[in-house]
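Everything on this sheet refers to the single structure shown next.
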Amino acid sequence: LPSPIPCSLLQPVTPELLVSPSSQDGDLGSECPEDRGNWTGRLDFLLSCIGYCVGLGNVWRFPYRAYTNGGGAFLVPYFIMLAICGIPIFFMELSLGQFSSLGPLAVWKISPLFKGVGMGTILIVSLVAIYYNMIIAYVLFYLFASLTSDLPWQHCGNWWNTDLCLDHHVIKAGNTTFPVNITNTISPSEEYWSRYVLHIQGSSGIGNPGRIRWNLCLCLLLSWTIVYLCILKGVKSSGKVVYFTATFPYLILVMLLIRGVTLEGAWKGIRFYLTPQFDHLLSSKVWIEAALQIFYSLGVGFGGLLTFASYNTFHQNIYRDTFIVTLGNAITSILAGFAIFSVLGYMSQELGVPVNQVAKAGPGLAFVVYPQAMTMLPLSPFWSFLFFFMLLTLGLDSQFAFMETIVTAVTDEFPYYLRPKKASFSAVICIALFLMGLILTTEGGMYWLVLLDDYSAGFGLMVVVITTCLVVTRVYGMKRFCRDIHMMLGFKPGPYFRACWMVLSPATMMALLVYNIVKYQPSEYGSYRFPAWAEVLGILMGVLSCLMIPVGMVVAVLREEGTLWERVQQASRPAMDWGPSLEENRTGMYVTSLAGSQSPKPLMVHMRKYGGITSYENTAIEVDREIEEEEEESMM
């Protein structure tokens, strides 16, 4: 393909005397490719980040992790890991995205040698998006099933039930004075989930998935249609949808919480959830679990944060937004624990069993235990509908982020060809991922979902985050990165952030990686153990994202000239056009590095546009002076 014609040759030349200062300034940041666009509302970015981070894991993973790792005592390592690992890496991702206005692939202009990190990120996000939307399809299935006067998983006696089915309503109506042995029985909700929704009895294992479940297939198609319609116009459309999907779950969560704590036996569950067991803090497993919860809950490394930040204006206060989102996410997790365990406490009292016998994590909580608890409440279809609608909104805005990450990453790589056709390209991606997800709608689809969940975003994601941290601080340079943030926000990150970026965050991530490898356990679903070939396939999924890094290095080195060491050095340096995307924001070392640059002094652009020097122009002057002083020192 011929190389694109420079922008300066495509733009009509107008005599300077005929151009007013305002119209002249308006064209200074224009580009040939269609504009990427920005968030259209003040809260679009903040709500998108909250919606992305606050997802299904807050409801079905955090409460269970808390009670199994010391109850209230778990909050100590949780908040320490949030400070060491979560907040610093979160801020780093936002800073990279906002400074460059580039997606997770193009952002590696910061050091082209490591572009494979971006490719690894896209591979991970694509795999996660496939199975995450299947979970949303399950939620839709239950949402429609709740639109009835009598919940279908409320009683035994349906065609899918077995002789082991035990209905708690029958026990309660019988007023039995002796304790009922429920160890060898199955609840109606569990049989509804496994034998009707999944129809897992039709599959003998992961190698024999059985037939497609057409009702699940239609739910998956509907979930992909919803996602596509919401990301149709990029952040301009998804940024408006999140005003509902990021806020409405809180309303439902509060309603479920109020209903939960007013139930008889609720405090039994809450006491079980929060009773501190400080002896657990001496176990390394608890600290690792806390770090894992932070790592996956905030969604660092998936590229979503970087993508969202890339649509910000250059001086958006992401420092403030970092603390709002990370602390808000933590508080939401704790609140969700109250809503879940208050209902589990009531359920344990109704069944006459300890709380730990009804408490589960993951899909088991969302599709078996909580639906069963709903059947014990008056107006059970109403509460069931609310619960699944909350899960739907929690899942959707996380899925928006995954899709926006993939689309933005690729369109930023080919802006001339794909950006004008972004809606069509988004449709192609959605259709491709839907077709790849069809295996999840089969009778043995749950086995494939568990495999994807266990391996797609495991050690590969940690390798991506560790590499990003090391490249930014060691290869690009901590001093230069802090100067970029100073240029953007008007202040440099303090010692806390620098210490975390340099030592604490990478060291914690390395500990997580080693722990995951040493404590590796084969996947299982209930009593089903996965065959060896499935384990190998899962490990390959994780390894493939890591292999993208050396592949990217080889490609980058081959594009350079000179000896091998010279090529490596050249490829590790930032690309010529690395820096702020708008010419008016480029200062110091970034002034002349923008292709087709017409103005050698962006500061003058600011002065003409705003009629004076603002705090950000003062920052630009400070940065320029600092660079000049460093250059003088190096010359001496």
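Segment 391-405 and segment 313-356 have their alpha-carbon centroids 18 Å apart. Taking the inverse of the mean reciprocal distance over all distinct Cα pairs, the Kirkwood hydrodynamic radius of segment 293-410 comes to 16.9 Å. How much net charge surrounds residue 62 when only other residues with a Cβ under 15 Å from its Cβ are counted (Lys, Arg +1; Asp, Glu -1)? Net charge around residue 62: +2.
In a fully extended conformation the segment linking residue 353 and residue 281 would gain 23.1 nm over its present Cα-Cα distance, using 0.36 nm per residue. Relative to the longest principal axis of the C-alpha atoms of the chain, give the angle of the C-alpha long axis of helix 422-436, reported between 0 and 90° and rounded to the nearest 10°. That works out to roughly 40 degrees. Modelled spin labels at residue 491 and residue 79, positioned 7 Å past Cα toward Cβ, are 2.2 nm from each other. Taking the chain as the reference, fit the longest principal axis to its C-alpha atoms, fit the long axis of helix 615-635 to the helix C-alpha atoms, and give the angle between the two in degrees, 0 to 90, nearest 10. Its long axis makes an angle of about 70 degrees. Count Lys and Arg as plus one, Asp and Glu as minus one, and take only other residues whose Cβ is under 13 Å from that of residue 90; the net charge is then -1.
Peptides 103-113, 433-443 ranked from most to least packed give 103-113, 433-443, packing being the mean of other C-beta atoms within 10 angstrom over each peptide's residues.
In this structure, the pairs whose alpha-carbon distance is over 24 Å, taken from 109/236; 109/240; 240/492; 109/422, are 109/236; 109/240; 240/492.
Heavy-atom accessible area with a 1.4 Å probe sorts 358, 241, 514, largest first, into 514, 241, 358.
Segment 36-59 and segment 240-277 have Cα centres separated by 21 Å. Taking label points 7 Å from Cα along the Cα-to-Cβ direction, residue 517 and residue 38 give a separation of 4.4 nm.
Solvent-accessible surface of segment 239-354, averaged per residue with a 1.4 angstrom probe and all protein chains in place: 38 square angstrom.
Among 448, 565, the sequence by solvent-accessible area, most first, with a 1.4 Å probe is 565, 448. Summarising the amide proton neighbourhood of residue 233: residues at separation of 5 or more, or on other chains, whose placed amide H is nearer than 5 Å comprise 238.
Quick check: the angle from helix 248-261's long axis to the longest principal axis of the chain, C-alpha only, nearest 10 degrees? Helix 248-261 sits roughly 30 degrees off the main axis of the chain.
Largest accessible area first, the residues 524, 561, 413 order themselves as 561, 524, 413 under a 1.4 Å probe with ligands, DNA and RNA left out. Across the accessible surface of the chain, with the other protein chains kept in place and a 1.4 Å probe, carbon and sulfur atoms take up 65 percent. The amide H of residue 165, built 1.01 Å from its N in the peptide plane, has 186 as neighbours under 5 Å, considering only residues 5 or more places off or on other chains. Here residue 221 sits with roughly 80 square angstrom of accessible surface, probe radius 1.4 Å. Estimated from helical segments only, the mean residue ellipticity of the chain at 222 nm is -19000 deg cm²/dmol, where each DSSP H run of four or more residues counts as -39500 (n - 2.57). Probing with 1.4 Å while keeping every protein chain in the model, the per residue accessible area of segment 75-127 equals 18 Å².
A simple count of charges around residue 213, restricted to other residues whose Cβ falls under 14 Å of its Cβ and scoring Lys, Arg +1 and Asp, Glu -1, yields +1.
The values are calculated or read from the model by the stated rules, or taken from the named source; none is laboratory data. What you see is a predicted model, and the numbers here were worked out from it, not measured in a lab. Cβ sites come from the backbone with ideal geometry, for glycine too, and all protein chains shown count toward neighbours. Calculation scope for accessible area: heavy atoms of the full protein, side chains included, ligands and nucleic acids excluded. Shrake-Rupley method; radii C 1.70, N 1.55, O 1.52, S 1.80 Å.
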